[in-house]
Amino acid sequence: MTDSTPEILVDYLEKRQADRADRVRTLLASLTPWEQLLVHDAAVMGYVQGMRHPVGEPIGKDRQTIAHVIDACLAFPDLYPAIKSLEDSTERRQTDEYFVQCQQPDGTWEQASSTTKNPAFVLQRLAARRRAQPDFEYRIARRTTTVRVVTFDGPDSEEQQ
């Protein structure tokens, strides 16, 4: 019996690995700078804590793990500033807007109404659209916008600018 892996399987696995790497690069490139920092802080500290976890010991539930990672990030605010900045937010507000979307011939969905903060009103708009154009596909979408205001001191020196 041979230990060699068939070339077709090796090619397949290499392609899958390259596809996953491309998908990760694409996702990371699509994030805002703030989202990139937040993912960095949580992912790195999660990895560090995982490597420090004793072999054979049970792993906590998701909420316990999240609390453990956040606590560890807060212990090193200079290394994990995005997590620390959540604590320093001076203001946070969230707005939910609802609107009707219409499915396009290519399968994508486009906004088909103005936005409203009233979910009951968007239901009325949806019903009206469906009555007016029964051959079209419509759905309701919600857009959530979160605004965070974080204050910070300016750089201490010209090198930090």
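The values are calculated or read from the model by the stated rules, or taken from the named source; none is laboratory data. All values derive from a computational prediction rather than experimental measurement. When we count neighbours, we look across all protein chains shown, and the Cβ atoms used for this are built from the backbone with ideal geometry, even at glycine. Side chains included, ligands, DNA and RNA excluded: accessible areas come from the protein's heavy atoms. Shrake-Rupley method; radii C 1.70, N 1.55, O 1.52, S 1.80 Å.
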Inset, instruction - Among the numbered conditions (1) surrounded by 11 or more Cβ atoms within 10 Å (Cβ to Cβ); (2) in a helix (DSSP H, G or I), tell me where Pro77 comes up short. - result: (2)
Inset, instruction - Keeping to the range 110-132, report how many residues are surrounded by 11 or more Cβ atoms within 10 Å (Cβ to Cβ), of a type outside the set (A, V, I, L, M, F, W, C) and without any contact (Cβ under 8 Å) to a residue 12 or more places away in the chain. - result: 2
Inset, instruction - Identify, from the list Phe136, Phe152, the residue that is at pLDDT below 85 and open to solvent by 100 Å² or more (accessible area, probe 1.4 Å). - result: Phe152
Inset, instruction - Scan the range 39-50 and report the pairs whose first residue is open to solvent by 50 Å² or more (accessible area, probe 1.4 Å) and whose second residue is at pLDDT below 90 and outside any helix (DSSP H, G or I), with Cβ atoms within less than 8 Å and a gap of 6+ or a chain change. - result: Val39/Leu31; Val44/Tyr80
Inset, instruction - Please identify the pairs in which a residue from the range 91-109 that is part of a strand (DSSP E or B) has its Cβ atom under 6 Å from the Cβ atom of a residue that is hydroxyl-bearing (Ser, Thr, Tyr) and loosely packed, with under 15 Cβ neighbours inside 10 Å, counting only partners at least 6 apart or on another chain. - result: Gln94/Thr146; Thr95/Thr145; Asp96/Thr144
